[in-house]
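First the structure, in the form of structure tokens, and then the observations on it.
The values are calculated or read from the model by the stated rules, or taken from the named source; none is laboratory data. Being a predicted model, the structure only gives us computed values, none of them experimental. Heads up, the Cβs are rebuilt from the backbone with ideal geometry, glycines too, and the neighbour counts pull from every protein chain shown.
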């Protein structure tokens, strides 16, 4: 599937991606970035979230996630928001639901 990573808040396309559902994990997708124009702030916040998780500094995660998800990022054509985004070169992975202790949510809890 092809779609755009899109800010619903700012009405801007950030990247064209081709992606597929990974059947073994609920709401999880992996793909390839075809063309990207991410703002530096968005890339910084995505990388910061991933580093916080990698370094197990979970107490710092809420503030960074709140900043990232305030941009209301999702898939333009699909209409789903995306969460836990990881970018490694041209590879991208994400969830279309926010994993929480209350189950999977359509939106970040603070939004």
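Looking only at region 52-64, filter to residues that are out of contact with any helix residue (DSSP H, G or I) (no Cβ under 6 Å at 6 or more places or on another chain) and part of a helix (DSSP H, G or I); which one of those is nearest to residue 42 (Cα to Cα)? Lay out the reasoning, then the answer.
Here is the first cut: in region 52-64, the residues out of contact with any helix residue (DSSP H, G or I) (no Cβ under 6 Å at 6 or more places or on another chain) are 53-59, 62-63.
Of the ones still in play, those that are also part of a helix (DSSP H, G or I) are 53-54, 58-59, 62-63.
On the way: 53: 17, 54: 18, 58: 19, 59: 20, 62: 16, 63: 14 Å.
This residue is 63.
Looking at (1) exposed (fewer than 12 other Cβ atoms within 10 Å of the Cβ); (2) more than 19 Å from residue 28 (Cα to Cα); (3) at pLDDT 85 or above, find the lone condition where residue 52 falls short.
With (1) exposed (fewer than 12 other Cβ atoms within 10 Å of the Cβ); (2) more than 19 Å from residue 28 (Cα to Cα); (3) at pLDDT 85 or above applied to residue 52, the lone miss is (1).
So, residue 33, is that one touching a residue at least 24 places away in the same chain (Cβ under 8 Å), within 16 Å of residue 84 (Cβ to Cβ) and under 14 Å from the mean Cα position of the chain (by Cα) or not?
So residue 33 fails the test.
Test residue 58 against the criterion of being touching a residue at least 12 places away in the same chain (Cβ under 8 Å) and either more than 12 Å from the chain's Cα centre (by Cα) or closer than 13 Å to residue 92 by Cα (or both), and give yes or no.
Taking the combined requirement at face value, the residue does not satisfy it.
Kindly provide the set of residues from region 83-108 that are without any contact (Cβ under 8 Å) to a residue 12 or more places away in the chain and surrounded by 13 or more Cβ atoms within 10 Å (Cβ to Cβ), ordered by number.
105
Specify the residue that is modelled with the lowest pLDDT; the eligible residues are those in region 65-97 that are out of contact with any helix residue (DSSP H, G or I) (no Cβ under 8 Å at 6 or more places or on another chain) and over 16 Å from residue 15 (Cβ atoms).
My answer is 66.
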